2 protein chains.
Amino acid sequence: VTYYVIFPNANNRFTTLENIAYPSGNHVFLDFWEAEGLTDANFIEQALCNAAEACGATVLEIKLHVFGENSGITGVALLAESHITIHTWPEFAYAALDVFVCGKCQAEQAIEVLQALFKPATVKINRVMRGVHE
Amino acid sequence: VTYYVIFPNANNRFTTLENIAYPSGNHVFLDFWEAEGLTDANFIEQALCNAAEACGATVLEIKLHVFGENSGITGVALLAESHITIHTWPEFAYAALDVFVCGKCQAEQAIEVLQALFKPATVKINRVMRGVHE
């Protein structure tokens, strides 16, 4: 796997938020190239569930939109702690995901699960801290 | 309004994507402090519609979750061109939004509409280019 990690710390882990005033959260962006499963709605729904569970979040609802047979899928897991979204372009073997979780949820756990499922050959990881003036 | 713009260009406008290979998109993050309307589901639904329309996007579906009376709201507009999300913490007069639009949609038009509606006193704008190895 080729990684482009834009905002790592020394260990490629994300800042935990226990010492930062609420509300704040890690908003993480994943670009997956040469990824698998991008036209499979059942697989994507399960992936969103697994990612939410892995980072300690609670799923409120999952919505998927399938653009057509063998076409892209757009989906969101609304969480009690914010959201996970996915947009796939199977014609480019590309998917754009984001994981936004507040409080003590561990966004990096979701990243590991999503990578293991979609098996991208190239990954870009980016992060924005939300709720703080930085 | 106090602005913290993390990724501006010379004019505080976002790069247009006409000359960049598809799929790619502008993913923009808005942190609004001292904002209005954060407990009003009808207002938020209309704001998501207006923002999508302003940037030239097509709404597939809007989902809102209201955490309780006078409590926060989590919502998403699934777009043909990706998504707009919002999470509000009225107890802090704070909202976290993101606008992810691909192709020729103009994310900055959505920003202007959202600011005009929620009337935040402080705004942080951040941006990540999706679908490119930068």
Subject >> Matching residues in segment B:44-63 - criterion: being surrounded by fewer than 18 Cβ atoms within 10 Å (Cβ to Cβ) and either among the small types (Gly, Ala, Ser) or closer than 11 Å to B:Cys105 by Cβ (or both) >> reply: B:Glu53, B:Gly56, B:Thr58
Subject >> In segment B:95-121, the residues that are buried (at least 22 other Cβ atoms within 10 Å of the Cβ) and among the charged types (D, E, K, R) >> reply: B:Asp98
**OP:** Report, ordered by the first and then the second residue, all pairs with beta carbons closer than 9 Å, sequence separation of six or more or different chains, a first member in segment A:24-44 that is within 20 Å of A:Gly103 (Cα to Cα), and a second member that is open to solvent by 10 Å² or more (accessible area, probe 1.4 Å) and charged (D, E, K, R).
**Re:** A:Gly25/A:Glu81; A:Asn26/A:Glu108; A:Asn26/A:Arg127; A:His27/A:Arg127; A:Val28/A:Glu108; A:Val28/A:Arg127; A:Phe29/A:Arg127
Subject >> Given (1) under 21 Å from B:Glu81 (Cβ atoms); (2) open to solvent by less than 60 Å² (accessible area, probe 1.4 Å); (3) not in a loop (DSSP other than H, G, I, E, B), index of the condition A:Ser71 fails >> reply: (3)
**OP:** Please work out which one of (1) touching a Lys or Arg at 6+ places or on another chain (Cβ under 8 Å); (2) facing chain A (nearest Cβ under 10 Å); (3) crowded, with 23+ Cβ neighbours inside 10 Å is the condition B:Lys124 fails and give its number.
**Re:** (1)
**OP:** Please specify each residue of segment A:82-94 satisfying the condition of being surrounded by 23 or more Cβ atoms within 10 Å (Cβ to Cβ) and more than 9 Å from every other protein chain (Cβ to nearest Cβ).
**Re:** A:Ile84, A:Ile86, A:Thr88
**OP:** Give the residue, chosen from B:Leu97, B:Leu64, that is facing chain A (nearest Cβ under 10 Å), over 22 Å from B:Val123 (Cβ atoms), in a strand (DSSP E or B) and at pLDDT 95 or above.
**Re:** B:Leu64
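The values are calculated or read from the model by the stated rules, or taken from the named source; none is laboratory data. Values in this document were obtained by computation on a predicted structure and should not be read as measured data. Reconstructed Cβ throughout: ideal geometry from the backbone, glycine too, with neighbour counts over all protein chains shown. Just so you know, the surface numbers come from the protein's heavy atoms only, side chains and all, with ligands and any DNA or RNA stripped out. Shrake-Rupley method; radii C 1.70, N 1.55, O 1.52, S 1.80 Å.
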